Amino acid sequence: MKLPIFTGSGVALVTPFTSTGVDFPALKKLVDFQINNGTDAIIVCGTTGEAATMTQAERIQTIETVVEHVNGRAPVIAGSGANNTETAVQASREIAKIGVDALLVVTPYYNKATPRGLIRHYTAVADAVRKPVILYNVPPRTGVRCTAEVYAALAKHPNIIGVKEASSDLALVQRTRRMCPEDFYIWSGDDAETAPIMLLGGKGVISVAANIVPRQMHQLTADCLSGNFAAAGAMQVRLSKLMEALFWEVNPIPVKTALAMMGYCQEILRLPMCEMEPENRYRLQTVLKEFALLP
């Protein structure tokens, strides 16, 4: 039986930048902030990490830095997806050698693969590595939507252990849980659906909000895992205003802006990501004050 790489709250870690590259001292500071506040896994070079704006050399160095600095204190999962299967295979092979615990592989965006193409794409990646692979279904960003039938086919592969589900489709989660074996695990890819997906058997969340409220997201998922859904639901509602604020503009613009306000990194995004609109920035600052997150 395949085991989950983690249960609970995994942070979709922001990548801090300077004007010339990755801010590695700030990156280490962010990692320590997460681990010291109970985060159950570190996910590096994903969507929130602006991996699409980074060179492959920057990605490799960033992942190496995180693996070395985490030093076994939590599982490290690295994004290695691409819309070209051969590129995804090569990247996954290279990243797997670094010592990550698993790979997160997004659906091949822009090409809009058929279900058969998705199965062949993911099979090629999983065949190429000896690391667990987590699928990443995020149709609003990729234009590609996985189905429960695709998951059921891929769940047979010994290296494919589950999916980060960010489709906002709870019916899909139910069909997946019904059609797939118990060792095909589901993690919420949307903070706002953490408790609902875990109620349906999900193992946790890969979270944007955990960047700024790691302890609360850990507690929310811990309550779900222990079956205390009343407490988890209360925490979900309590954090909902903050979660909404983090998506007033395209992720990761608000969460990186929030971290900069909190003193953890510079407010530097890479085009086509840009600074928040002044009105939204002010609104975000107001919400952060309400949650006592500013110095």
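The values are calculated or read from the model by the stated rules, or taken from the named source; none is laboratory data. Not measured: the values here are computed from a predicted model. In this analysis, Cβ positions are derived from the backbone assuming ideal geometry, glycine residues included, and neighbour counts consider all displayed protein chains. Surface areas here come from the heavy atoms of the whole protein model, side chains and all, with no ligands, DNA or RNA. Shrake-Rupley method; radii C 1.70, N 1.55, O 1.52, S 1.80 Å.
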Among (1) part of a helix (DSSP H, G or I); (2) out of contact with any helix residue (DSSP H, G or I) (no Cβ under 7 Å at 6 or more places or on another chain) - the single one residue 181 does not satisfy: (1)
Count of residues meeting criterion [outside any helix (DSSP H, G or I) and either buried (at least 24 other Cβ atoms within 10 Å of the Cβ) or polar (S, T, N, Q) (or both)] in the stretch 187-211: 9
Enumeration of residues in the stretch 94-142 that are closer than 23 Å to residue 10 by Cβ, out of contact with any strand residue (DSSP E or B) (no Cβ under 9 Å at 6 or more places or on another chain) and open to solvent by 20 Å² or more (accessible area, probe 1.4 Å): 94, 97, 109, 130, 140
Near pairs, Cβ below 8 angstrom, 6+ apart or cross-chain, from the stretch 87-116 (within 19 Å of residue 75 (Cβ to Cβ) and of a type in the set (S, T, N, Q)) to any residue that is part of a strand (DSSP E or B) and at pLDDT 95 or above: 92/103; 92/105; 92/133
Conditions (1) surrounded by 24 or more Cβ atoms within 10 Å (Cβ to Cβ); (2) in contact with a helix residue (DSSP H, G or I) (Cβ under 7 Å, 6 or more places away or on another chain); (3) not aliphatic (A, V, I, L, M): number failed by residue 24: (1)
Residue list for the stretch 223-237, filter: surrounded by 16 or more Cβ atoms within 10 Å (Cβ to Cβ) and closer than 26 Å to residue 254 by Cα: 232, 233, 235, 236
Test: residue in the stretch 210-222 that is touching an Asp or Glu at 6+ places or on another chain (Cβ under 6 Å) and free of Cβ contacts under 8 Å to residues at least 60 places away in the same chain: no
Criterion (modelled with pLDDT of 95 or more and either among the small types (Gly, Ala, Ser) or closer than 26 Å to residue 291 by Cβ (or both)) met by exactly one of 200, 172, 220: 220
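I'd like the full set of residues that are among the hydroxyl-bearing types (Ser, Thr, Tyr) and touching a residue at least 40 places away in the same chain (Cβ under 8 Å), limited to the stretch 117-141.
136
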Unmet requirement for residue 178, which otherwise passes all of (1) surrounded by fewer than 17 Cβ atoms within 10 Å (Cβ to Cβ); (2) under 26 Å from residue 288 (Cα atoms); (3) touching a residue at least 24 places away in the same chain (Cβ under 8 Å): (2)
The listed residue being of a type in the set (Val, Ile, Thr), buried (at least 16 other Cβ atoms within 10 Å of the Cβ), in contact (Cβ under 8 Å) with a residue 24 or more places away in the chain and over 23 Å from residue 254 (Cβ atoms), out of 65, 15: 65
2 or more residues under 21 Å from the mean Cα position of the chain (by Cα): qualifying helices (runs of 4 or more DSSP H) within the stretch 228-295: 229-245, 253-261
Residue check, residue 112 over 20 Å from the mean Cα position of the chain (by Cα) and basic (Lys, Arg): yes
Considering residues of the stretch 36-62 that are more than 21 Å from residue 189 (Cα to Cα) and free of Cβ contacts under 8 Å to residues at least 24 places away in the same chain only, the residue surrounded by the most Cβ atoms within 10 Å (Cβ to Cβ): 36
